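Throughout, read-outs are computed from the coordinates displayed, never taken from laboratory work. This one's a predicted model, so the numbers in the text were calculated from it and none came from an experiment. Here Cβ is always computed from backbone atoms with ideal geometry, including for glycine, and neighbour counts include all displayed protein chains.
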Amino acid sequence: MKLPDKINTNCPKCGKHTQHTVKLSRKGKESPMNRGRRRYDEVKKGYGGSPRCPKKQVYKVGKRNVLLLECSVCKKKRQRVFAARTKKPLEVGK
Ligand SMILES: [Zn+2]
């Protein structure tokens with residue numbers, strides 16, 4: 001699916017509609033020593049298997065994409081979850 005690389009939308013900092021540049025937001029690498037990871041490793045240790053979510057029966061086909069919007073006036077960045085699930089990755093600015 002194709003998206004424009006510039007859209008007009010509301011900026012919460014400016015308080016009005018301004019032009020935003022659109023990029024795909026990539027998830028950063030998870031730190032191996034964060035609190036949730038340490039707690040999860042502690043629970044997973046030893047016998048007993050995984051404490052959380054048993055094996056999924058049904059998998060969703062598409063992924064939800066996260067867009068990174070940057071206001072052209074105040075340069076404030078924010079994320080927006082693109083509502084539709086897409087099988088192919090989004091194409092921005094084509
Ligand atoms: Zn702004």
Check your understanding: Of the residues ARG38, ARG26, which is more than 30 Å from VAL73 (Cβ to Cβ) and of a type in the set (D, E, K, R)?
Key -> ARG38
Point to revise | Failed criterion for GLY36 (all others in (1) under 30 Å from PRO89 (Cβ atoms); (2) not in a helix (DSSP H, G or I) hold) | key: (2)
Revision key, fill the gap. Of LYS16, LYS63, LYS45, LYS27, the only residue that is more than 27 Å from GLU91 (Cβ to Cβ) and away from the ligand (no atom under 16 Å from the Cβ) is LYS45
Exercise for review: Check whether at least one residue in region 81-92 is surrounded by 11 or more Cβ atoms within 10 Å (Cβ to Cβ) and in contact with a Ser or Thr (Cβ under 9 Å, 6 or more places away or on another chain), and report yes or no.
Suggested key: no
Check your understanding: Quick check: is even one residue across region 41-61 in contact (Cβ under 8 Å) with a residue 12 or more places away in the chain, under 19 Å from the mean Cα position of the chain (by Cα) and loosely packed, with under 13 Cβ neighbours inside 10 Å?
Key -> yes
Check your understanding: If you check SER50 against the conditions, is it away from the ligand (no atom under 16 Å from the Cβ) and polar (S, T, N, Q)?
Key -> yes
Exercise for review: Collect the residues in region 60-75 that are assigned to a loop (DSSP other than H, G, I, E, B) and either of a type outside the set (A, V, I, L, M, F, W, C) or in contact with a helix residue (DSSP H, G or I) (Cβ under 9 Å, 6 or more places away or on another chain) (or both), keeping them in residue-number order.
Suggested key: LYS60, GLY62, SER72, LYS75
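For every residue, the table says whether it meets (1) more than 20 Å from PHE82 (Cβ to Cβ); (2) assigned to a strand (DSSP E or B); (3) touching a Leu at 6+ places or on another chain (Cβ under 8 Å).
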residue: ILE7; (1), (2), (3): no, yes, yes
residue: ASN10; (1), (2), (3): no, yes, no
residue: THR21; (1), (2), (3): no, yes, yes
residue: ARG26; (1), (2), (3): no, no, no
residue: PRO32; (1), (2), (3): yes, no, no
residue: ASP41; (1), (2), (3): yes, no, no
residue: ARG52; (1), (2), (3): yes, no, no
residue: VAL58; (1), (2), (3): yes, no, no
Review point. Based on what the data block shows, is LYS77 away from the ligand (no atom under 16 Å from the Cβ), among the basic types (Lys, Arg), under 21 Å from GLY28 (Cα atoms) and out of contact with any Gly (no Cβ under 9 Å at 6 or more places or on another chain)?
Key: no
